[in-house]
Structure formats: structure tokens, C-alpha cells
1. Tell me what the chain gives for mean residue ellipticity at 222 nm when only DSSP H runs of n ≥ 4 count, each as -39,500 (n - 2.57), the sum divided by the residue total, rounded to 500 deg cm²/dmol.
2. Once both labels are modelled 7 Å past Cα along the beta-carbon direction, what's the Asp483-Leu114 spacing in nm?
3. Using R₀ = 22 Å, calculate the FRET efficiency as 1/(1 + (r/R₀)^6) where r is the Cβ-Cβ separation of Ala151 and Arg48; round to 0.05.
4. Considering only protein heavy atoms, what is the solvent-accessible area of Ser232 at a probe of 1.4 Å, reported in Å² to the nearest 10?
5. Using the Karplus curve 6.51 cos²θ - 1.76 cosθ + 1.60 with θ = phi - 60°, what ³J(HN,Hα) values do you get for each residue of the range 372-389, in whole Hz, with x for Gly and Pro?
6. In the chain, with Lys and Arg counted as +1 and Asp and Glu as -1 at Cβ, which of these residues, Asn179, Pro472, Thr239, has the Cα nearest the positive end of the dipole, that is, farthest along it?
7. Got a sec? What order do Met355, Met110 fall in by accessible area at 1.4 Å, biggest, i.e. largest, first?
8. Round to a whole number: what % of the accessible area of the chain belongs to carbon and sulfur, probe 1.4 Å?
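The values are calculated or read from the model by the stated rules, or taken from the named source; none is laboratory data. None of these values were measured; they are calculated from a predicted model. Quick reminder, even Gly has a Cβ in these numbers, built from the backbone with ideal geometry, and neighbours come from all protein chains shown. When the accessible area is computed, the model is the full protein with side chains, heavy atoms only, and any ligands, DNA or RNA have been set aside. Shrake-Rupley method; radii C 1.70, N 1.55, O 1.52, S 1.80 Å.
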Amino acid sequence: MRTIKYFVDKHAQEQPDKTFLIAPEPKLVQTFVQLKEDSEQFAEFLYRKGFKKGDKISFMMGNSFQSANIIIGAMYAGMCVAPINLQAQHDVLKHVLEHSDTKLVFTTEMQKPLLDKALAKVNHEIEVIVIDRDARKAIPAFCQTNTSIPAVEEEDPALILYTSGTTGLPKGVILTNKNMIASGQNVIESHELTDQDVALCSLVLYHINALCVSLMSTIVCGATLVVPHRFSKSEFWQTISDYRCTWFSVVPTIISYLNADSEIKGHDYQLGQVRFGRSASSALPASLHQSFEEKFGIGIVETMGLTETGAPILSNPLDPAKRKYGSPGIAYGNQVKIVDPEGNECPRGTVGEIMIKGENVMKEYYKAPDVTAQNLNADGWLNSGDLAYMDEDGYVFVTGRLKELIIKGGENIAPREIDDAFYKHPSVQDAAAVGIPDEHYGEEIMVCVTIKPGFDCTIAQLREHCVEHLTPYKTPKVIKILDELPKGPSGKIQRLKLKELVD
């Protein structure tokens, strides 16, 4: 059975004393048998309060011992987890709470005022329970009763997660137990994980990457997960050393921060057990990729995933000799193809839209059958909205998003190509190109960048850099140096928001 409950029960029986979860700040450790006991008590708590199978149970808090347990406990109970993005704007928060039909929210004293403000405008009753996210037990313990807990099936919804769109209100993606387990299995296959691995989860558990890549893979293979409150560049390597982490999952922004502002030389860190780091959520510039590996001596496996596919769809192989810089890799555990606007598969090397098919692909967009039908065809192929080409070896090279494509004078220009040119400049930390209106060409190119700490750079110097790395036609008309670029909860640059900066 591909359910979260099945795997929790399996590992509790086969390796009861194996450590499942480590929460560094409160110094809490949870074994698999404790996870099963805690999940059973959590399920009993929910059903005794009158909630029913399939109800939406939410949490509004950062990473912690309790946020991980709420996710697993609710899924174990046959309910659907509806995480709340802590970076969501007020109108989006209200929309998510109302649209998802959330019945219960676990939160902390710190987050409750913001939650209460949104709840005041929600049209249905939602119960709120304030907990200590670092407590070993956050709900009342009950004596053993005959409370009936329904069986959990593969097709039962396990997660509703709202996509962080750049325009309009986000859509609710429904992932079933089968989808979640399939995504965890895809991570295990691509990264050759075993029950001896120890993963560091620095990304937020209200985002698909941490939920599936870190949490679900650990649940499925019976390994160990380390969950600090947040990513900290000053504590990152120490945490890996202290808990003997064998791999970590990050995003390009974190790789950039670590590369610029952290060192392992001169420290007594224990890093010999680290097998690889994993990057996803947005394209990893080849220059940054190589620079990180040279500095730290740890290989980075670039990957790609979507909320609609339970995260991973593509990954570079674990073998460094088989990885390709600039590509998120080949398909693992699902099928991927590149198609033209008519839906025909493109020849190798030809740009088209990425489509995905597999047991990790979502069930539907919640309450949006028309949108589901537009994006998920009758044969089970999902339109990704991402533009890419596939080489002769099956490696995919992403060139941009359909909505982000820059069309200058009738010529299609992939923003990624412009980004990569700017990342080659030694002073640039983040870079993102976007199309802006132009009366002559229809669209022109604007690039926004941030500068690495301790570096100085002018717009004139960046423009001179373009002469060497870009053709005149692709040289940006506008270059802006900003303190920071708009980013979503996963650290992905929200490119289309840069259009708001046009004078």
C-alpha cells in the first residue's frame, strides 16, 4: 500500500528504535516506534474532536518537531494536510484558508495575530489550536479507547498545496497518498538513498520540496531526517557535522549564500560522510555550480520538480561523471517529453514545453475542473508551462517559462540565457531577466541583479560585461542593481514581479 500510514507502521515494526527525526534546537529525537505512537494519538485526537476522514488540517508555523509530526499525523489519520505559507500576503492567506475548506489550524503564539486577521474575513468556522512547536507532546494524551480510525487508501488526498503564482490567486494542488509515496520513491531511486542516510532539511516544510524530497523520501526508505528551525549559513556546516548528515537539499539562492559567506577551512567539521548536495526549485547557474563544488569539495546534483508532481521529475545521476552542468538531468520514476504547441513530440535539441506522466502527478486542482482539464490531459500527461529541449542523451535543458518568454522583434529569447551571462560576472549574486514593453520591438530586455557582499560593481561595468557574453540584440536595454530580488518561499526568484519595477 502506497500510503504514509503503511510506511510508518512498517518501519515501526521492522526498526522500532531507529531514529526518524532530530530537531536540533530543542534537542528532541524521535524513533520510528515513537512516530507511530505519536501519529496514532494524533489521529485519535482529531477523530475524538469530531473531524472526519478527508478533512483539511493545517499548520501555520516554521520548521520544527511539531510541524513534521502534524504533517505525518494528519496523513496517518487519513486527513489532508493544508500547509500555510508564512510569506503569503493577507489576501492570499485568506483565500487559501477559505478555498481549501480548512477545518483546523495549528499555530504558534507568534503567528496567531496574523492568522486571526485573516480568519476574521473567512466565511466558515475554523478551529485554531496554539501549540509550542518545540514541545515533545503538543496535544493531550488520551487513554486507549475504541475510537474508530478509518482505513487509509492510496487514492485518498494527503496534501493540498497552493502554487505560488506570480499573478492572480494561487491554485490548490491535490496530491494523494500514492502521489506522495511515488515522489519519495523517485528521490530514493535518483539519489540511491538507503535507511543509513541522514538528510538535512533546511527548506521550509510548507513547500513541496521539503515535504516530498526530504520528508517523504525519509519516511519511505526508513532513514533519518534533521529538521532545524530554518536555514542558517552560519550554522549550516556545523549542523551537518554534528548530526553526520549524508546529504542535503537546498536551492540556488542558498548555494549562492554559502558560496559567498561561509567557509569550511579552518573548522573542525566532520563532513567526510556527505555524499552530495541537491539543488532544485530554480535553475542553478553553471558558474555558481562549479564554484561551489570547487570551494567545498561536495558535489551538487541539480534537479527539477513541480508542486503538481510532488516535486521531483528530473535529476542528474549520482555519478559525477554523468552529470551535465546547466541541466536538471533525466527523468527518474516518471516519463518526460518535450512537445510543440500542437502537442507533437519535438526532435532532440528543439525547444518545446515539458510534459510529465507518472504516479507522482497530481490528482487535480481543487475546485477547478476546467483548469485541471486544461493542464492534465486524458492520457495523464501534465503540461508544465516550462520551455526546454532534450539532448541526445535524454538530458533536459530548461530555457524558461512559457509566460516568461521574452519576444523581442518577433524573436524568442529565453531569460535563462541572459541570466547565465550575468552570473558569469564575479560580482553578481542574483540575476533575473524579464521582458518589458517597447514601442519598437514589442518587448525589450530588463535585467535586475544583486551584488555579492564586499563587492562593488556599476551598471556601466555590467553593460561592458554584456559585450563579451551576449550579442548586441540580446544585451538588456535596462539594467537595475537592487538590494534584493523578489523571491517565493522556496527561494525561487519571482521573475514576473520584476515587471513592476519598470519606470
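1. -8000 deg cm²/dmol
2. 1.9 nm
3. Efficiency at R0 = 22 Å is approximately 0.75.
4. 40 Å²
5. 4, 5, 5, 10, 10, 7, 5, 8, x, 8, 9, 6, 8, x, 9, 9, 6, 10
6. Thr239
7. Result of the area sort, largest leading: Met110, Met355.
8. Percent of accessible area from carbon and sulfur atoms in the chain: 49.
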